[in-house]
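Visitor: Starting off with a structure, shown below.
The values are calculated or read from the model by the stated rules, or taken from the named source; none is laboratory data. Quick caveat, the model's predicted, so the values are computed rather than measured. Here the Cβ positions follow ideal geometry from the backbone for every residue, glycine too, while neighbour counts run over all protein chains shown. Ligands, DNA and RNA are stripped out before the accessible areas are found, and what is left, the full protein with its side chains, is counted by its heavy atoms. Shrake-Rupley method; radii C 1.70, N 1.55, O 1.52, S 1.80 Å.
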Amino acid sequence: MKKLVLVFMAALAVSCGENKKEEKPGMKIGTQVEEKTTPVEATTDSDSKEAVVTLEGNDQMKFNKSEIRVKAGQKVKLTLKHVGKMDKAVMGHNWALLTKDADMAAVGQASATAADTDYIPADMKDKFIAHTKMLGGGESDTIEFEAPSEPGTYTFMCTFPGHYALMQGKFIVE
Ligand code: CO
């Protein structure tokens, strides 16, 4: 690979230095030019189209972010990492985004008795826009979803029993 790049750089130097007026010699190495420019375009693309969010939960029952901002309707790729060591049964964390009309305390209370369904209450599924799996120390989960099309402030929380008191934040759709 390094050799290829060197050859490519040399070819570029030659074409830039000596053939400024001639566009065509440069075009002949078109395939290599594409290899160089495509990754840059991909990065720009994902920046504008997809919001990549990473957040952590720890053994102190805290998220490391209290606010997440995205654009209306934007694709969101969110990763939650449990950076603690405690077991899922005692210090479980998930990341759940609630609908605008959801009552966080009501969802939190219903979730507390929903151990069988990973603390996502079956009868309140319509209050969740998206959620990760419940994680224990050292685990992580990545989800992809579409941000709401309606701008405003939404609530995210951990639905493990009692955690929403500390583990909650604002999901702001601009
Ligand atoms: Co939690």
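Visitor: Sum up the charges of everything whose Cβ sits under 10 Å from the Cβ of Ser140, counting Lys and Arg as +1 and Asp and Glu as -1, but leave Ser140 out.
Guide: Residues near Ser140 contribute -1 overall.
Visitor: Summarise the accessible area of segment 40-173 (1.4 Å probe, protein heavy atoms) by the percent that is carbon and sulfur.
Guide: Carbon plus sulfur share of accessible area: 48 percent.
Visitor: Which residues' amide hydrogens lie under 5 Å from the amide hydrogen of Lys65, considering only partners 5 or more residues apart or on another chain, with H built in the peptide plane?
Guide: Glu56
Visitor: Along segment 109-114, what does the Karplus equation 6.51 cos²θ - 1.76 cosθ + 1.60 (θ = phi - 60°) give for ³J(HN,Hα), rounded to whole Hz, x for Gly and Pro?
Guide: 5, 5, 5, 4, 9, 10
Visitor: Roughly how many Å² of Thr117 are accessible to a 1.4 Å probe, to the nearest 10?
Guide: 70 Å²
Visitor: Just to check I understand the Karplus step: with θ = phi - 60° and J = 6.51 cos²θ - 1.76 cosθ + 1.60, what whole-Hz values come out for segment 49-66, glycine and proline as x?
Guide: My calculation for segment 49-66 gives 9, 10, 8, 9, 10, 10, 9, 10, x, 10, 6, 8, 6, 9, 8, 8, 9, 10 Hz in order.
Visitor: Tell me whether segment 40-173 comes out rounded, prolate or oblate; compute the Cα gyration tensor, take square roots of the eigenvalues as a ≥ b ≥ c, and use a/c under 1.5 as the rounded threshold.
Guide: oblate
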